[in-house]
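Undergrad: Here you go, one structure.
The values are calculated or read from the model by the stated rules, or taken from the named source; none is laboratory data. Since the structure is predicted, the reported quantities are computational estimates derived from the model, not experimental observations. Note that we place each Cβ from the backbone using ideal geometry, even for glycine, and neighbour counts take in every protein chain shown.
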Amino acid sequence: MPKPEENPLASLPLDALEAALTAADTLMAHKEFMPRGGLLVMLVSRFRDDTRAAIGMEPERYATTTRTTGRGKVVRSLDDLTSGELAKVSAAVATLLGEHFAAVMDDPELPRLLRAFSTELDEQTAERRDIQASMAS
């Protein structure tokens, strides 16, 4: 975690930092829906910790999940998200991809991975919209 004087997030206003923290917390609460591999989860977690540091908070420590399949962590399909959860996760990704945050992310992979995840979320949303339209016909 960068020192406060090295943390580029520290230059942002408090309301922007709180929005970033809420978005990162939302994604971490739904981490089992993020792409396989864990890199996006790790980078969002680090961004969340950096955001907390910029606000002057201690890093959040969550208990590790005990839900596993075989030897790995649970990874769930976006199909398993409720429509409300899908909207919430999509909004969180959109917030983090906003002009305030993408420019101050310390790892260039984070915005790239968020954009790829956003595309998956958009496809899921479109698929659900198409299903609803076909059911209404």
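Undergrad: Residue pairs, Cβ under 8 Å, 6 or more apart or interchain, first in segment 17-35 and acidic (Asp, Glu), second surrounded by 17 or more Cβ atoms within 10 Å (Cβ to Cβ). List them.
TA: Asp25/Arg48
Undergrad: Please enumerate the residues belonging to segment 39-75 that are modelled with pLDDT of 90 or more, under 17 Å from the mean Cα position of the chain (by Cα) and of a type outside the set (A, V, I, L, M, F, W, C).
TA: Answer for segment 39-75, where residues must be modelled with pLDDT of 90 or more, under 17 Å from the mean Cα position of the chain (by Cα) and of a type outside the set (A, V, I, L, M, F, W, C): Ser45, Arg46, Arg48, Asp49, Asp50, Thr51, Arg52.
Undergrad: Under the condition of being in contact (Cβ under 8 Å) with a residue 40 or more places away in the chain and surrounded by fewer than 19 Cβ atoms within 10 Å (Cβ to Cβ), which residue from segment 36-48 is farthest from Ala103 (Cα to Cα)?
TA: My answer is Leu39.
Undergrad: Okay, next question. Cβ-Cβ below 8 Å, separation at least six or inter-chain, first residue in segment 1-16 and closer than 18 Å to Glu58 by Cβ and assigned to a helix (DSSP H, G or I), second modelled with pLDDT under 80 and not acidic (Asp, Glu): which pairs?
TA: Ala10/Pro4
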